[in-house]
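> To start, I am sharing the structure in question, which I have written as structure tokens.
The values are calculated or read from the model by the stated rules, or taken from the named source; none is laboratory data. A quick note: this is a predicted structure, and the numbers were derived from the prediction, not measured. Here Cβ is always computed from backbone atoms with ideal geometry, including for glycine, and neighbour counts include all displayed protein chains.
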Amino acid sequence: SLAIMREAFAQAREARLFILKAMQDVISAPRPELSFWAPRIETIKIHPDKIREVIGPGGKMIRAIQSDTGTAIELEDDGTVRITGAKAEGREKAKAMIEGLTKEPEVGEVYEGKVTRIMSIGAFVEYLPGKEGLVRISEISNDRVNRIEDVVKVGDKVTVKIAEVDRQGRVNLSMRAVNEDGNGFEERQRAERARFNDREGGDRGGFRGPPGGSGGGGFRRSGPPRR
């Protein structure tokens with residue numbers, strides 16, 4: 001009957017008002033901050049030519065970044081990178097890894113790196129993810145070094161400064177120049193060139209290739225070629 005319907009509507013209205021009041025008592029306005037567990041998006045921009053380096057062969061690099069940081073990464077053709085993750089620490093780590101992969105080295109910058117290979121001419125150090133440079137034996141220490149292995153070994157963490165980027169894009173690093181001004185490395189370079197001009201042979205302390213070659217003293221870049 002009509003009376004029963006009116007009573008049912010009245011009871012439903014009371015129930016709705018009760019629920020709304022309970023909600024109002026708990027939260028009367030939106031939270032000033034998102035929940036700790038709510039995913040957030042960090043957006044950065046890279047050069048479009050560097051997208052391949054972030055993706056890696058068959059997507060290996062981007063999958064490794066996502067797995068290591070607990071994030072999801074989207075790449076746009078214009079170089080826009082969106083990093084989604086609930087934890088700020090993971091997002092920041094993913095951002096740092098991507099910036100490391102796409103950054104161009106600049107002379108004077110200092111990095112914490114890891115020794116990856118040792119040769120008679122010096123030690124190769126990964127100073128950014130996937131990027132290596134050579135610390136020549138003369139740039140290991142202010143003291144005379146007879147054997148690289150006496151000072152560093154593969155896996156050691158070392159502080160290095162980018163001392164030079166040659167015309168082929170190869171990076172020369174220095175451990176002894178970390179606390180020097182910018183002229184120390186250049187002065188040693190000039191002195192070494194002068195010594196080599198006075199004698200034949202020998203490859204210690206410099207990039208020297210076979211006659212008619214472009215030099216390099218055994219230095220080879222790791223990873224994909226520069227674009």
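> Quick one: count up the residues across segment 102-123 that are among the polar types (S, T, N, Q) and under 24 Å from Ile44 (Cα atoms).
Number satisfying all stated conditions: 1.
> Output the qualifying pairs, or none if there are none: Cβ atoms under 6 angstrom, residues six or more apart or on different chains, first residue in segment 101-123 and more than 21 Å from Ile137 (Cβ to Cβ), second residue part of a loop (DSSP other than H, G, I, E, B) and of a type in the set (A, V, I, L, M, F, W, C).
Hits for this filter: Thr102/Ile46.
> Within segment 107-136, track down each residue that is among the aliphatic types (A, V, I, L, M) and closer than 12 Å to Leu173 by Cβ.
Matches in segment 107-136: Val107, Val110, Val115, Ala123, Val125, Leu128, Leu134, Val135.
> Given (1) more than 13 Å from the chain's Cα centre (by Cα); (2) surrounded by 15 or more Cβ atoms within 10 Å (Cβ to Cβ); (3) farther than 19 Å from His47 by Cα, identify the lone condition not met by Glu126.
Answer for Glu126: the failing condition is (1).
> Against the condition out of contact with any Cys (no Cβ under 9 Å at 6 or more places or on another chain), modelled with pLDDT of 95 or more, surrounded by 11 or more Cβ atoms within 10 Å (Cβ to Cβ) and not in a helix (DSSP H, G or I), how does Ile41 come out, does it pass?
no
> If I filter segment 129-178 down to residues being exposed (fewer than 13 other Cβ atoms within 10 Å of the Cβ), touching a residue at least 40 places away in the same chain (Cβ under 8 Å) and in contact with a strand residue (DSSP E or B) (Cβ under 7 Å, 6 or more places away or on another chain), which single residue comes out as farthest from Glu104 (Cα to Cα)?
Ranking the candidates gives Gly155 first.
> If you don't mind, there's one more thing I want to ask. Say whether the condition of being in a loop (DSSP other than H, G, I, E, B), aliphatic (A, V, I, L, M) and in the same structural domain as Gln66 (by TED's automatic domain parsing) is met by at least one residue in segment 140-151.
First, pick out the residues of segment 140-151 that are in a loop (DSSP other than H, G, I, E, B): 140-147, 151.
Those left that are additionally aliphatic (A, V, I, L, M): 140, 145, 151.
Cutting the leftovers down to in the same structural domain as Gln66 (by TED's automatic domain parsing) gives us none.
Among the residues of segment 140-151, not one is in a loop (DSSP other than H, G, I, E, B), aliphatic (A, V, I, L, M) and in the same structural domain as Gln66 (by TED's automatic domain parsing), which makes the answer no.
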